[in-house]
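Read the structure below first, then the notes.
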Amino acid sequence: MIDVYAGLFTGLITLVLILIVRRHFALSPSNERSWVNDNQRLATAEFQGDVVTIRNVRDFNWRTTRDFDERWIDVKVNLNEVDKIWFVLEYFDPDRREMAHTILSYEFSDGTRLACSIEVRRKQGASYHPIKGLFRTYELIYVWGTERDVIGVRARCRRKSKTHLFEGVVLGPGNERRMFESYIRRTNKLSVEPEWYNTITNTCTTNIVGHVNEVYPGRVPKAVAILMPGLSPKLLQKNNLVVIRGTLEETMEDSIIDQRAMDWDEECDFGDWIRRSRYED
């Protein structure tokens with residue numbers, strides 16, 4: 001009799017697990033939810049020959065992470081003028097060096113800079129946790145914004161985090177443009193075909209690596225640092241992905257922009273300010 005009850009219990013548990021798994025995989029991502037203000041709008045891009053107009057570029061004025069002036073703008077750029085690519089590495093907590101967020105920023109020959117942060121699209125009242133990110137909890141979003149917004153909110157408003165800015169090394173003529181176009185195509189795709197964020201397979205860093213390897217196959221090899229981007233500096237150096245001045249340790253120290261961002265006079269361009277402070281002292 002005990003064996004019968006044990007068998008029934010095991011069968012019931014198995015059935016419940018099957019129903020949970022079926023429900024999990026039946027969930028569909030959506031662009032129609034009650035989003036937090038800074039994730040409320042999806043960027044889209046319109047092409048007219050070599051000119052691209054990016055709509056819903058975020059340009060918030062952040063005083064703190066909860067106190068801000070909301071502003072969305074359209075930005076028009078020429079694909080032939082993509083001049084440089086910059087890599088941002090934000091450590092959330094210096095005591096947890098494995099955890100970090102990665103961002104690319106595109107610089108154009110006319111001085112325009114546009115940053116794109118690939119991240120979870122947060123619903124009202126929701127908070128991020130990497131474990132939740134394994135279970136179809138968050139949608140993925142490509143947040144296009146001005147540097148004073150996307151980089152500034154991290155370097156100026158998040159007291160625990162440490163933010164680094166590196167100049168990217170782009171091999172091959174025209175690959176800056178191809179990278180930008182790759183980002184734009186994916187941005188437009190997400191506006192009509194939402195995707196789930198996944199802590200392992202669909203993150204800020206896995207997507208950056210995907211774009212790089214699409215443009216330059218094999219440029220970034222498989223590595224633990226892709227899953228734990230806080231460990232990426234050695235990968236960046238080994239594969240010649242960012243400009244290294246002196247030793248890696250010296251480059252890491254020189255690339256910290258938090259204090260420079262805090263000292264910004266709010267009159268000159270934010271991106272010019274943090275770069276001028278780095279290279280013209």
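Quick check on my filter: what residues within the range 115-146 are hydroxyl-bearing (Ser, Thr, Tyr) and within 18 Å of ILE184 (Cα to Cα)? Listed by number, the residues that qualify are SER117, TYR142, THR146.
Hey, can you tell me all the residues within the range 248-281 that are polar (S, T, N, Q) and free of Cβ contacts under 8 Å to residues at least 60 places away in the same chain? Of everything in the range 248-281, those that are polar (S, T, N, Q) and free of Cβ contacts under 8 Å to residues at least 60 places away in the same chain turn out to be GLN259, SER277.
Among residues of the range 118-145 that are farther than 30 Å from LYS76 by Cβ, those with a beta-carbon under 7 Å from a residue that is among the β-branched types (Val, Ile, Thr) and not in a loop (DSSP other than H, G, I, E, B) at least six positions away or on a different chain give the pairs TYR128/VAL120; GLY133/VAL120; TYR138/VAL120. Taking the range 214-247 on its own, how many of its residues are without any contact (Cβ under 8 Å) to a residue 40 or more places away in the chain, in a loop (DSSP other than H, G, I, E, B) and buried (at least 20 other Cβ atoms within 10 Å of the Cβ)? Number of matching residues: 1. Only one entry of THR199, THR187, THR146, THR206 meets the criterion of being closer than 24 Å to ARG275 by Cβ, surrounded by 15 or more Cβ atoms within 10 Å (Cβ to Cβ) and not aromatic (Phe, Trp, Tyr), and that entry is THR146.
In this structure, does GLY246 turn out to be touching a Lys or Arg at 6+ places or on another chain (Cβ under 7 Å) and not aromatic (Phe, Trp, Tyr)? Judged against the criteria, GLY246 is not a match.
Among the residues of the range 114-148, which ones are part of a strand (DSSP E or B), within 18 Å of GLU167 (Cα to Cα) and in contact with a Phe, Trp or Tyr (Cβ under 7 Å, 6 or more places away or on another chain)?
Of the residues in the range 114-148, the ones part of a strand (DSSP E or B) are 114-121, 123, 139-145.
Pick out the ones that are also within 18 Å of GLU167 (Cα to Cα) and you get 114-117.
Scanning the range 114-148 gives LEU114, CYS116.
Among the residues making up the range 39-75, those that are part of a loop (DSSP other than H, G, I, E, B), surrounded by 15 or more Cβ atoms within 10 Å (Cβ to Cβ) and in contact with a helix residue (DSSP H, G or I) (Cβ under 6 Å, 6 or more places away or on another chain) are LEU42, ALA43, ASP59, PHE60.
Any read-out appearing in this document is the output of simple, stated calculations on the displayed coordinates, not a laboratory observation. Computed from a predicted model, the values in this text were never measured in an experiment. Reconstructed Cβ throughout: ideal geometry from the backbone, glycine too, with neighbour counts over all protein chains shown.
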